[in-house]
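The values are calculated or read from the model by the stated rules, or taken from the named source; none is laboratory data. Because the structure is a prediction, the values reported are computed rather than measured. All Cβ positions, even for glycine, are placed from backbone atoms using ideal geometry, and neighbour counts span all protein chains on display. In case anyone asks, the SASA skips ligands and DNA or RNA and just uses the protein heavy atoms, side chains included. Shrake-Rupley method; radii C 1.70, N 1.55, O 1.52, S 1.80 Å.
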Amino acid sequence: MEHYDHEKIEKKWQKYWEEHLELFAADDESDSEKQYILDMFPYPSADGLHAGHVESYSATDIISRYLRLRGKNVIHPQGWDAFGLPAENFAIKTKTHPSLTTQKSIATFKRQMKILGLSYDWSREVDSSSREYYKWTQWFFLLLYKNGLAYRGKGKVNWCLKCQTVLANEQAEGGVCDRCDTQVFQKDLEQWFFKITDFIEKKDKTRGLLGGLDDIDWPEHTKAAQKNWIGKSEGAEFEMEIKNSNLKIEVFTTRLDTVFGMTFALIAPEHELVQKLKQQIANWDEVEKYIEQASKKSELQRIAEEKEKTGVELEGIKIINPFTKKEIPLFTSDFVLGHYGKGAVMAVPGHDCRDYAFAKKFGLPIAEVIKSKDGKSSIEKEAFVDDGILSNSREYDHMTSEEARKRLAEWLEKNKIGRKTVNYKIRDWLVSRQRYWGAPIPIIYCDACGTVPVPEEDLPVLLPDDVNFMPHGESPLAGSKKFQDVKCPKCGAKARRESDTMDTFVCSSWYYFRYADPHNKKEFAAKDKIKKWLPVDLYVGGAEHTVLHLLYSRFFTKVLHNLELIDFDEPFLKLRHQGTVLAEDGRKMSKSLGNVINPDDVVAKYGADALRMFEMFMGPLEDMKKWDTKGIIGIYRFLDKVWKIKSKVQISNIKSNPESKIRTFLHKTIKKVTEDIEKLRFNTAISALMIFLNEAEKEQIPQEFFEKFLILLSPFAPHMAEELWSQLGHKKSVFTEKWPEYDKDIVKDEMIELVIQINGKLRDKISVPADISEDDAKSQALASEKIKTFLAGQEPKKVFFVKGRLMNIVI
RNA sequence: GCCGCCGUGGCGGAAUUGGCAUACGCACGACACUUAAAAUGUCGCGCCCAAAAGGCAUGUGGGUUCAACUCCCACCGGCGGCACCA
């Protein structure tokens, strides 16, 4: 018998679906319950779809098709995260304009999505590099600006002297430029920032970025990563006097309980106080040299040199510990970060590893002020960093660390030199990029009026075409006269445009709103459309976005909520990450290793239905998995069997025998597949379909049953389901059908195999009615020959009975 | 270092959330069909034992329980995130 012709069938139905867009379109008018099923919109690379894309898109396609069959009004859109550095680099390499290469890549992606039979509502497609889209990205910038959430500030960035450009952190690994291998320097540049730090904690109407995490169904590790990134730490800050100076030094600590062990203090090299103390520093030349060296190092380098602490004493400077009134020295060291806390710390070498290492290297005293509860702790070889009981701390002796922190903070407040406080690792979001392929920042600089936002009616600020996007020292947009020279919108004088573009993460922070109303020319999306479709019910995408994109999107949503433009606070109610699909050799798929699986090839050989289903069958959605070229044959055989079993179907309208085994089986399968899809457990749903088919092969099954099976199969293998459905004489698509319901009474077994254990070990199984009573089960069990042998005449001490499951006899 | 996740046959994985460990699939073996191969079908497939009976098995060691892959503790191994954050 012939195998099924996947190519012919798939082409036929893909064409049919193109002609019947209403099958998968989200209906703005319908009153039925909406479901927003979203894929992270891809960056359209020249390489085409990756096996990982196929995995997540198949998953959301299954869910979307399933929900539509359940009568839900599903919105399942797709679009393109089209701006970004890879396109620009590719453009530089090939000397082609990035819009050309991007459009070509989009065409490839879209073609591949279509041959996979993905049921997107293409009428809602968005492209973040289109002027219709980035007009609203710019509008969002202005919205933030007008509400004091976008500001211009100085920030340290990685700067390559040779390429004359700013580099992203990931392009400056090891402190060396990615492109030319020369050293990267830290440079202070004025940049645009978004005030994401304003939204860490509850603010007016919204729960903060921290608190909001409690309300959403996200993977634990993703929530943990976001919390980690925000890096909240509670402690205290206080000021210390500098001897013979009216200046003061402020420090932050989480271990106020250890203050009596402070034997010196540390300050970041870039701290302004160092400059202010210049006159009093005896060894200024040495200090200046150290500061110079430190500024040349990138943060990455500082970390790489972790093994050895460096630093210089600010000779002539003495700090007064406010608790002990003792004088201590001040050092500057690059392991103290200027941007965190107060940029200066109290050093307690006895109870902090870094301070310990520093004290050892510079021969500074180490004091012990905390003992472990058992009194056995020692600071001889290393710092004791745990909480414990205070000692050598005057009236605070014998207190626990926790209590001492409370009391010491009270003392600080009473004496007005400090207070309890909270610090965060997260910094404001730097959104300026000195790049071409992004959305221009809609700002104009005027000598008279200063920083002037572009009026909304002038948006979009178009990305100019007449620029040299090769790296040449400044933002490529600065090279376009046409772009640069403008009139000030306020006074009409000659002015200059901001020449930086926005980080592509700005574009991707709001795209899920646009799908609700993609062609709106007056708003980023109309209020009623947003109300209808958002928030997103299920969001599926790669785990590489655990922090950046997902955090930024939450920030945008919170901004909109706070401004009362939307009535929800979290954009993505349920989030799942698809696991990485590794190459067959267990390594990451990469072009250079030549181990990439191209979906086109697999579709050509086995068909889209087989590829989609196989990727779902490989394992749980979120698990990392290895591609297995041989494995797909199993799914192919299954589909082939479905194809062939059609000829065995009893085509008649006779009533199915209510007692028939296959009926019970069908209902169990409906139950299992339904529940598994709801839980995104596609691997076991597919296995249930296989089990049903294996059973069905053994006998003739009524058409009515086979049809229900086809509906169950349709979200997984839509082409085959459509084809067989039409071959059975149906005129309309299988996707206009209703998802089958199972009958609770049919699913329930009448007779069950009751497991009989003795002392927890399986000894026999007896066939009994499902609702058998304990007494009846016991007498039947004890009557079993096998059980009699094992009991050997002994009386059971106790009998445990789990209804419908098992009986455990303890002797 | 801190945080999070994971460890089950030759392989991918399943196990109703504490109740028959290894469903489903791959690979492998035997047989059937075939001139032959492929395809397809039937059967077998954790380990020990010739087999039956039985025993042993979910990274390792302990604990709780009538009962542990599942819960608790310790250790070993792997993956991911953050990382000189005071």
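Values as computed for the structure displayed
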{"read-out": "Residue that is nearest to A:Leu38 (Cα to Cα), among those in the stretch A:573-583 that are within 16 Å of RNA strand B (Cβ to nearest atom) and part of a loop (DSSP other than H, G, I, E, B)", "value": "A:Gln578"}
{"read-out": "A:Phe709 being over 36 Å from the mean Cα position of the chain (by Cα), surrounded by 23 or more Cβ atoms within 10 Å (Cβ to Cβ) and assigned to a helix (DSSP H, G or I)", "value": "no"}
{"read-out": "Count of residues meeting criterion [farther than 21 Å from A:Val251 by Cα and in contact with a Leu (Cβ under 9 Å, 6 or more places away or on another chain)] in the stretch A:343-385", "value": "1"}
{"read-out": "Total residues in the stretch A:603-630, condition assigned to a loop (DSSP other than H, G, I, E, B) and either open to solvent by 70 Å² or more (accessible area, probe 1.4 Å) or over 28 Å from A:Leu575 (Cβ atoms) (or both)", "value": "6"}
{"read-out": "Failed condition for A:Asp214, given (1) at pLDDT below 90; (2) within 15 Å of RNA strand B (Cβ to nearest atom); (3) surrounded by 18 or more Cβ atoms within 10 Å (Cβ to Cβ); (4) not hydrophobic (A, V, I, L, M, F, W, C)", "value": "(3)"}
{"read-out": "Filter result (assigned to a loop (DSSP other than H, G, I, E, B) and either under 24 Å from A:Phe790 (Cβ atoms) or among the small types (Gly, Ala, Ser) (or both)) within the stretch A:746-778", "value": "A:Asn759, A:Gly760, A:Ala770, A:Ile772, A:Ser773"}
{"read-out": "Candidates A:Lys381, A:Lys342, filtered to the one that is more than 8 Å from RNA strand B (Cβ to nearest atom) and assigned to a loop (DSSP other than H, G, I, E, B)", "value": "A:Lys381"}
{"read-out": "Residues (within 18 Å of A:Met751 (Cα to Cα), open to solvent by less than 100 Å² (accessible area, probe 1.4 Å) and in a loop (DSSP other than H, G, I, E, B)) located in the stretch A:802-811", "value": "A:Gly804"}
{"read-out": "Residue in the stretch A:417-467 that is nearest to RNA strand B (Cβ to nearest atom), counting only those that are closer than 30 Å to A:Lys325 by Cβ, open to solvent by less than 50 Å² (accessible area, probe 1.4 Å) and not in a loop (DSSP other than H, G, I, E, B)", "value": "A:Asn423"}
{"read-out": "Residue within the stretch A:333-352 that is buried (at least 19 other Cβ atoms within 10 Å of the Cβ) and of a type in the set (S, T, N, Q) present", "value": "yes"}
{"read-out": "In the stretch A:733-745, the residues that are in a helix (DSSP H, G or I), out of contact with any Asp or Glu (no Cβ under 8 Å at 6 or more places or on another chain) and either open to solvent by less than 20 Å² (accessible area, probe 1.4 Å) or closer than 15 Å to A:Phe709 by Cβ (or both)", "value": "none"}
{"read-out": "Given (1) among the charged types (D, E, K, R); (2) over 30 Å from A:Val547 (Cβ atoms); (3) in contact with a strand residue (DSSP E or B) (Cβ under 7 Å, 6 or more places away or on another chain), number of the condition A:Lys482 does not satisfy", "value": "(3)"}
{"read-out": "Contacts under 6 angstrom Cβ, first residue in the stretch A:1-28 being within 20 Å of A:Ile645 (Cβ to Cβ), partner away from RNA strand B (no atom under 16 Å from the Cβ), 6 or more apart", "value": "A:Ile9/A:His719; A:Ile9/A:Glu723; A:Glu10/A:Ala608; A:Glu10/A:His719; A:Trp13/A:His719; A:Trp13/A:Glu722"}
{"read-out": "Residues satisfying the stated conditions in the stretch A:768-791, i.e. open to solvent by 70 Å² or more (accessible area, probe 1.4 Å) and within 12 Å of RNA strand B (Cβ to nearest atom)", "value": "A:Glu785, A:Lys786, A:Thr789, A:Phe790"}
{"read-out": "The stretch A:792-801 - residue that is in a strand (DSSP E or B) and open to solvent by 70 Å² or more (accessible area, probe 1.4 Å) and, of those, farthest from A:Asp775 (Cα to Cα)", "value": "A:Lys798"}
{"read-out": "Residues being touching a residue at least 24 places away in the same chain (Cβ under 8 Å) and out of contact with any helix residue (DSSP H, G or I) (no Cβ under 8 Å at 6 or more places or on another chain) - total across the stretch A:444-483", "value": "15"}
{"read-out": "The stretch A:2-32: number of residues that are touching a Gly at 6+ places or on another chain (Cβ under 9 Å) and either surrounded by 14 or more Cβ atoms within 10 Å (Cβ to Cβ) or not in a loop (DSSP other than H, G, I, E, B) (or both)", "value": "8"}
{"read-out": "Residue check for A:Glu570: touching a residue at least 40 places away in the same chain (Cβ under 8 Å), more than 11 Å from RNA strand B (Cβ to nearest atom) and part of a loop (DSSP other than H, G, I, E, B)", "value": "yes"}
{"read-out": "From the options A:Gly579, A:Gly586, A:Gly594, A:Gly607, residue that is of a type outside the set (D, E, K, R) and under 30 Å from A:Glu723 (Cα atoms)", "value": "A:Gly607"}
{"read-out": "Subset of the stretch A:307-328 (residues that are over 27 Å from A:Glu410 (Cβ atoms) and either open to solvent by less than 20 Å² (accessible area, probe 1.4 Å) or near RNA strand B (Cβ under 10 Å from one of its atoms) (or both))", "value": "A:Lys307, A:Glu308, A:Lys309, A:Thr310, A:Gly311, A:Val312, A:Leu314, A:Ile317"}
{"read-out": "Lone unmet requirement of (1) surrounded by fewer than 20 Cβ atoms within 10 Å (Cβ to Cβ); (2) in contact (Cβ under 8 Å) with a residue 12 or more places away in the chain; (3) closer than 28 Å to A:Lys114 by Cα; (4) not hydroxyl-bearing (Ser, Thr, Tyr) for A:Glu697", "value": "(3)"}
{"read-out": "Test: residue in the stretch A:201-210 that is open to solvent by less than 10 Å² (accessible area, probe 1.4 Å), among the aliphatic types (A, V, I, L, M), over 23 Å from A:Asn562 (Cβ atoms) and not in a helix (DSSP H, G or I)", "value": "no"}
{"read-out": "Of all residues in the stretch A:676-694 being of a type in the set (D, E, K, R) and within 10 Å of RNA strand B (Cβ to nearest atom), the one that is least open to solvent (accessible area, probe 1.4 Å)", "value": "A:Asp676"}
{"read-out": "Any chance A:Lys765 is modelled with pLDDT of 95 or more and either over 45 Å from the mean Cα position of the chain (by Cα) or under 30 Å from A:Trp17 (Cα atoms) (or both)", "value": "no"}
{"read-out": "Where a residue in the stretch A:317-342 is without any contact (Cβ under 8 Å) to a residue 24 or more places away in the chain and its partner, wherever it lies, is open to solvent by 10 Å² or more (accessible area, probe 1.4 Å), with Cβ under 7 Å and at least six apart", "value": "none"}
{"read-out": "Qualifying residues in the stretch A:94-112 (those that are crowded, with 22+ Cβ neighbours inside 10 Å and in contact with a helix residue (DSSP H, G or I) (Cβ under 7 Å, 6 or more places away or on another chain)) - the one nearest to A:Pro42 (Cα to Cα)", "value": "A:Thr102"}
